[in-house]
Amino acid sequence: MIEASNTYYQLYLKLFEAHKLAPNIWTLQECTRILTSIMAAKSFSWRVVGITPKALDQFSKNEFKKFNQSGITRAHIVPRIETVLKLISNVEPKSEIQFFETWINNDKTVLCAKGENKARIPNYIAIENSDGKLFSCERVLAGWKHGKSEREYLRILHEKYIIGSINLV
């Protein structure tokens, strides 16, 4: 359940309307930037569902701690611009339920090492994170929460990967 979900939806409706009235001003790129800002730093946003082997290896070299110069970033499986296109390219706006289903289903991310966040994300190790509690970006504007739970999860994942009991997606 998303607290005050109607407020996000109302902002989407206004953006949808603005795009229809002046698409040369409220371009797809501008709408993407605005929706990204609206949805950023929320518990349901940018949910991490995987990690590349290269990123996992980098974490292992630093005792699974997050460090600024690591170059590790979150990469969207579905580019945000494609998600926004699905939301604003219709004749009519999506319903509130459709809006959130589209956003949440397309807002999944993978932790990638430097150079891996490209149009096509490399194969990755799936992370079970359906509730979004691991690597949450809630109230974190430039990254994600990376505490004891995340370090321990990555440590176990790394052990499983090393012995070959994990398949790549």
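Can you confirm whether segment 52-65 contains a residue that is small (Gly, Ala, Ser) and out of contact with any strand residue (DSSP E or B) (no Cβ under 7 Å at 6 or more places or on another chain)? Within segment 52-65 (the criterion being small (Gly, Ala, Ser) and out of contact with any strand residue (DSSP E or B) (no Cβ under 7 Å at 6 or more places or on another chain)), the answer is yes, since at least one residue qualifies. Within the set 45, 60, the sole residue that is among the polar types (S, T, N, Q) and within 13 Å of the chain's Cα centre (by Cα) turns out to be 45.
Filtering segment 51-100 to residues that are part of a loop (DSSP other than H, G, I, E, B), small (Gly, Ala, Ser) and either surrounded by 13 or more Cβ atoms within 10 Å (Cβ to Cβ) or touching a Pro at 6+ places or on another chain (Cβ under 9 Å) (or both) leaves only 71. A single member of 134, 154 is touching a residue at least 60 places away in the same chain (Cβ under 8 Å) and not in a loop (DSSP other than H, G, I, E, B), and it is 154. Exactly one residue among 103, 46 is touching a residue at least 24 places away in the same chain (Cβ under 8 Å), part of a loop (DSSP other than H, G, I, E, B) and in contact with a Ser or Thr (Cβ under 8 Å, 6 or more places away or on another chain), and that residue is 46. Out of the residues in segment 17-37 that are over 15 Å from residue 82 (Cα atoms) and either in a helix (DSSP H, G or I) or basic (Lys, Arg) (or both), state the one that is farthest from the chain's Cα centre (by Cα). Among residues in segment 17-37 that are over 15 Å from residue 82 (Cα atoms) and either in a helix (DSSP H, G or I) or basic (Lys, Arg) (or both), the one farthest from the chain's Cα centre (by Cα) is 21. Could you check, for segment 72-79, whether at least one of its residues is in contact (Cβ under 8 Å) with a residue 60 or more places away in the chain and aliphatic (A, V, I, L, M)? Scanning segment 72-79, I find no residue that is in contact (Cβ under 8 Å) with a residue 60 or more places away in the chain and aliphatic (A, V, I, L, M), so the answer is no. Do you know which of the residues in segment 101-142 that are over 17 Å from residue 49 (Cβ atoms) and either surrounded by 17 or more Cβ atoms within 10 Å (Cβ to Cβ) or touching a strand residue (DSSP E or B) at 6+ places or on another chain (Cβ under 9 Å) (or both) is modelled with the lowest pLDDT? Ranking the qualifying residues of segment 101-142, first place goes to 118.
The set of residues in segment 106-131 that are farther than 30 Å from residue 93 by Cα, of a type in the set (Asp, Glu) and in contact (Cβ under 8 Å) with a residue 24 or more places away in the chain contains only 116.
Per the conditions (1) within 13 Å of the chain's Cα centre (by Cα); (2) within 18 Å of residue 10 (Cα to Cα); (3) of a type in the set (A, V, I, L, M), the sole criterion not satisfied by residue 87 is (1).
The values are calculated or read from the model by the stated rules, or taken from the named source; none is laboratory data. Since the structure is predicted, the reported quantities are computational estimates derived from the model, not experimental observations. Methodologically, a virtual Cβ is constructed for each residue, glycine included, from the backbone with ideal geometry; neighbour enumeration extends over all protein chains shown.
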